[in-house]
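Have a look at the structure below, then the notes.
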Amino acid sequence: MRLILKKLFNTSVLASPAKAMRLYKILSLRVKNGKTVNLDFLGIQATTIAFLYIVFSNLIKECQKNIKEIKGLIYISNASVSLMQEIEYLKENYKQVGKKIDPLKLSFV
């Protein structure tokens, strides 16, 4: 499933906690069923660390026991350099999330 985030949320800035929770719920349903998700950031101008933290910390918390089973199911396309830097920042500075994001094997396409 390809989620074009700009169309899904009708915005070019991902900062809202409510939208982050909505994305987390969509991801959770897909990955728990072993289905891949392509998060397409085409047209997204900015994404906050808080948005990413909400999405990934909740996903990790919910799927913690099956983290190995869901690795490789989330793909990120059309990521800007700043988005990739934010994900790296999240990994390095939020240790509880960072330790768990690596096993997810997020793939940039």
In the structure shown, do any of K6/K32; K19/K61; K7/K32; K7/K61 have a Cα-Cα gap over 21 Å, and if so which?
-> K6/K32; K7/K32; K7/K61
Going fewest to most other Cβ atoms within 10 Å around each Cβ, V81, V13, V37, V55 line up as V81, V13, V37, V55
Give, in nm to one decimal, the length gained when the segment between S77 and T36 is fully stretched (0.36 nm per residue of separation minus the Cα-Cα distance).
-> 13.5 nm
With 0.36 nm assigned to each residue of separation and the Cα-Cα distance removed, L29 to A46 gains 3.6 nm
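Each value in this text was obtained by applying a stated rule to the coordinates, not by laboratory testing. Everything numeric in this text was worked out from a predicted model, so none of it was measured. Positions of Cβ are backbone-derived with ideal geometry, glycine not excepted, and every protein chain shown enters the neighbour counts.
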